[in-house]
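*Asks:* Questions regarding the structure given below will be posed in turn.
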Amino acid sequence: MIEQVIEGVWWIRGQDDFLPDSHMYVVGLPGSEDFTLVDCGLMGKGEYKLDQIDKCGVPLGHVRRILMTHTHLDHIGCLPELKAAIPQAEVWIHSDEALAIERGDERIVMGNSMFESMVRGMFSIPKDAFQLTVQRNLEDGELLNLGGLPFKVVHIPGHSAGSIGLLHEGRGLFLSGDTIYADWAIGRYDLVSADPTQLKRSLELIAGLDVDILLPCHNRIVNGGAGPMIKETVAQWGPYLS
Ligand SMILES: [Zn+2]
Ligand SMILES: [Zn+2]
């Protein structure tokens with residue numbers, strides 16, 4: 001269930017059931033004692049993800065932060081479970097979604113009211129389940145040192161207002177969240193805070209990056225040669241997004 005994509009970047013597959021569970025990426029050079037979890041997963045998947053982090057050989061005591069590509073339920077759902085096991089981990093979210101999380105405004109988390117009433121009942125989620133302190137608000141263009149690996153924050157709104165990607169320019173490695181997937185798929189753009197026009201712009205921005213390794217948060221990853229597929233995906237979807 002784990003694949004080390006490059007040195008210091010592990011892919012932990014989501015464990016989809018009735019609802020999707022986002023992938024998690026563990027980032028940080030071995031020996032750095034500074035590891036980052038990128039996205040968490042659905043409610044109830046905390047134990048599975050913790051077990052997988054252990055299998056990467058990453059001690060929980062060396063996990064410094066949990067960085068969210070965005071705050072949809074299938075990504076943030078088990079964040080409280082992970083925080084309970086990794087209390088020292090900071091939470092980093094793009095500024096366009098961080099404030100809502102801090103206020104306990106869960107409209108973006110839930111996506112839409114029909115889905116919200118379904119999952120609140122299904123998982124007995126209390127009203128303030130995801131109200132938490134965000135230690136760092138991320139902004140477009142910031143350069144992060146994640147355990148010895150350089151990543152640039154790329155704001156790519158459209159799937160949600162505060163969606164971000166993380167780009168390792170030297171390796172052409174892009175963590176794309178739910179904005180663009182492998183196999184000519186893109187994220188949905190009909191949920192709270194989504195915007196097809198913004199998504200079109202974000203996809204065009206991604207097509208202009210030099211991406212070789214595409215690491216999305218659902219389904220397959222593309223471990224090399226992703227550039228042409230990304231450009232085709234963007235060209236194909238463009239006419240539907242405006
Ligand atoms: Zn997702
Ligand atoms: Zn999403």
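The values are calculated or read from the model by the stated rules, or taken from the named source; none is laboratory data. These figures come from a predicted structure and were not determined experimentally. In this analysis, Cβ positions are derived from the backbone assuming ideal geometry, glycine residues included, and neighbour counts consider all displayed protein chains.
*Asks:* Across the range 159-184, what is the total count of residues that are more than 14 Å from the chain's Cα centre (by Cα) and either within 16 Å of ligand 1 (Cβ to nearest atom) or over 17 Å from residue 214 (Cβ atoms) (or both)?
*Replies:* Of the residues in the range 159-184, 2 are more than 14 Å from the chain's Cα centre (by Cα) and either within 16 Å of ligand 1 (Cβ to nearest atom) or over 17 Å from residue 214 (Cβ atoms) (or both).
*Asks:* Suppose the filter is exposed (fewer than 13 other Cβ atoms within 10 Å of the Cβ) and in contact with a His (Cβ under 8 Å, 6 or more places away or on another chain); does residue 97 pass it?
*Replies:* In short, no.
*Asks:* Okay, moving on. Being buried (at least 17 other Cβ atoms within 10 Å of the Cβ), away from ligand 1 (no atom under 16 Å from the Cβ) and not acidic (Asp, Glu) narrows it down to one of 203, 214, so name that one.
*Replies:* Of the residues listed, the single one that is buried (at least 17 other Cβ atoms within 10 Å of the Cβ), away from ligand 1 (no atom under 16 Å from the Cβ) and not acidic (Asp, Glu) is 203.
*Asks:* Report every pair of residues separated by at least 6 positions or lying on different chains whose Cβ atoms are under 9 Å apart, first residue within the range 53-69 and over 20 Å from residue 176 (Cα atoms), second modelled with pLDDT under 95 and not in a loop (DSSP other than H, G, I, E, B).
*Replies:* Matching pairs, first to second residue: 55/2; 56/2.
*Asks:* For the range 97-119, does any single residue satisfy the condition of being touching a Pro at 6+ places or on another chain (Cβ under 6 Å), at pLDDT 95 or above and within 16 Å of ligand 1 (Cβ to nearest atom)?
*Replies:* no
*Asks:* Between a residue in the range 230-242 that is more than 16 Å from residue 195 (Cβ to Cβ) and any residue that is modelled with pLDDT of 95 or more and of a type in the set (Phe, Trp, Tyr), which pairs come within a Cβ distance under 9 Å, given they are 6 or more apart or on different chains?
*Replies:* Going by the 9 Å Cβ cut-off, the qualifying pairs are 230/174; 232/184; 233/181; 233/184; 236/184.
*Asks:* Just one of 215, 199, 205 is aliphatic (A, V, I, L, M) and away from ligand 2 (no atom under 16 Å from the Cβ); which is it?
*Replies:* Criteria check complete, one pass: 205.
*Asks:* Going through the range 101-131 one residue at a time, which ones are small (Gly, Ala, Ser) and either in contact with a helix residue (DSSP H, G or I) (Cβ under 6 Å, 6 or more places away or on another chain) or more than 16 Å from ligand 2 (Cβ to nearest atom) (or both)?
*Replies:* 104, 113, 117, 121, 124, 129
*Asks:* If I go through the range 206-226 residue by residue, how many of them are over 22 Å from residue 141 (Cβ atoms) and out of contact with any strand residue (DSSP E or B) (no Cβ under 7 Å at 6 or more places or on another chain)?
*Replies:* Result for the range 206-226: 4.
*Asks:* Out of curiosity, is residue 203 outside any strand (DSSP E or B), within 25 Å of residue 97 (Cα to Cα), out of contact with any strand residue (DSSP E or B) (no Cβ under 9 Å at 6 or more places or on another chain) and aliphatic (A, V, I, L, M)?
*Replies:* no
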